Amino acid sequence: MKVYISNYLSHSISIIDYETLETEREIELKENIYPHHFWIEEKEQKIFIPSLNNGTLYTLDMISGEIIDSVSVGGSLSQIFMYEKELFISNEDTNSIYIINKDTLDLIGMITVDDMPHGFSYDQKNKRLYVPCINSIVCIDIENKVINKKIDTDFKAWHLKVDKIKNEIYISTLDGKLVILKGETLEVIGIFEELLLPVQIEFNYRDSKVYISDLGYNQIKILDYKMGKYIGKIKIDGIPQGLEISKDCSRLFVSDTKNNTIKVYDTKTNRLLKELQVGKEPTTIVCL
């Protein structure tokens, strides 16, 4: 298993060996590529990188470490998701989701949403893509490429995560909340305060926990998944942003954008196992 990290300000992708927790490789990108998020195509050994600053989508060959293709989309590209042979990319400037063929990088279509779509999440069971916008949540039917449902909100949605067991949507907001919605109706069923600037959300189904990175309070808040209440926190000596949990739920990976490190925690004890130096401003973490 490998752990992949995008380093926004150093224009690079770090690769860590999961077993040894040692840096295996650093792929240097071009200086005009700012990788905030990415998608890995394991079978073809490619990484698709939307650059946040220049509106360009890049295809990286993982073996050679070279950019082998690119397309100028325009705007501010944020998150990326792949379904079959299609790439779905959020564009914060044009308030839309672009759909691009992964092989040819041809534009297939565009779905207009609301203001500032950012960190979306996929419901695999129902084939729905949930998109958080500043004052709304948009649900996209990913097969038919149409908006299935939308609700207006009185909170500023930023990132979200689909709970694959309960079919609920957990949303972190720019106004310091964690909001939980029913997946089918998008009805608000829970709101948690005591946050300042929550970012990413991860589920630990093995231990019935939910983790929320709060870069405002420099903490990882821990929520009891079954009881729906706070049960603890992990204090971070830095600024936590990205989260990723291992497939066996034994390790939690946290990107620290202040110290330019990845912190690895034991999920049973919340003990720091290791801190690894990576590139400048690490954001997204992916375990594969």
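Readers should treat all values here as calculations from the given coordinates under stated rules, not as data from a laboratory. Nothing here was measured: the structure is a model prediction, and the numbers come from that model. A quick note on method: Cβ atoms are made from the backbone with ideal geometry, for glycine too, and the neighbour counts reach across all protein chains shown.
Could you compute the longest span of the chain free of GluC sites (Glu not before Pro) located in DSSP loops and having at most 16 other Cβ atoms within 10 Å, not counting the site residues? Display every interim value, and only then the final one.
On the way: sites that count: E19, E31, E42, E44, E66, E84, E143, E184, E187, E193, E194.
My reading of the result: 195-288 is the longest stretch.
As an exercise, take the mean of 1/r over every pair of distinct alpha carbons in the chain, invert it, and state the Kirkwood radius in angstroms. Evaluated over the chain, this radius sits at 19.0 Å. The equivalent ellipsoid that matches the C-alpha gyration tensor of segment 89-159 spans semi-axes of 20, 14, 10 angstrom, in descending order.
Taking every eigenvalue of the Cα gyration tensor of segment 1-141, multiplying by 5 and rooting it, what semi-axes result, largest first, whole Å? Before the final figure, lay out the partial values.
Values: eigenvalues 127, 55, 44 Å².
They are 25, 17, 15 Å, listed from largest to smallest.
What's the long-distance tail for segment 67-124, i.e. % of Cα pairs beyond 17 Å? Intermediate results must be reported in sequence, preceding the final value.
Working: 553 of 1653 pairs.
Of the Cα pairs, 33 percent sit more than 17 Å apart.
If N is the number of residues in segment 138-226, what value comes out of its Cα radius of gyration divided by 2.2 N^0.38 Å?
Numbers: Rg = 13.3 Å, N = 89, 2.2 N^0.38 = 12.1 Å.
With N residues counted in segment 138-226, Rg over 2.2 N^0.38 Å equals 1.10.
In segment 208-244, whose amide N lies under 20 Å from the spot 7 Å out along Cα-to-Cβ of D175? List them in ranges. Backbone N within reach: 214-217.
May I ask you to list the trypsin sites (Lys or Arg not before Pro) in segment 233-278 that are in a DSSP loop and have at most 16 other Cβ atoms within 10 Å of their Cβ?
Values: sites: K233, K235, K247, R251, K258, K263, K268, R271, K274; in loops: K247, K258, K268, R271.
Passing both the DSSP loop test and the Cβ count: K247, K258, K268, R271.
Once you have a ≥ b ≥ c as the square roots of the Cα gyration tensor eigenvalues for segment 203-248, tell me rounded if a/c is under 1.5, and otherwise prolate or oblate according to whether a/b is larger than b/c. Display every interim value, and only then the final one.
Working: a/c = 2.73, a/b = 1.42, b/c = 1.92.
Note, shape of segment 203-248 comes out oblate.
Of the chymotrypsin sites (Phe, Trp or Tyr not before Pro) in segment 155-234, the ones in a loop by DSSP (not H, G, I, E or B) with at most 14 other beta carbons within 10 Å are Y205.
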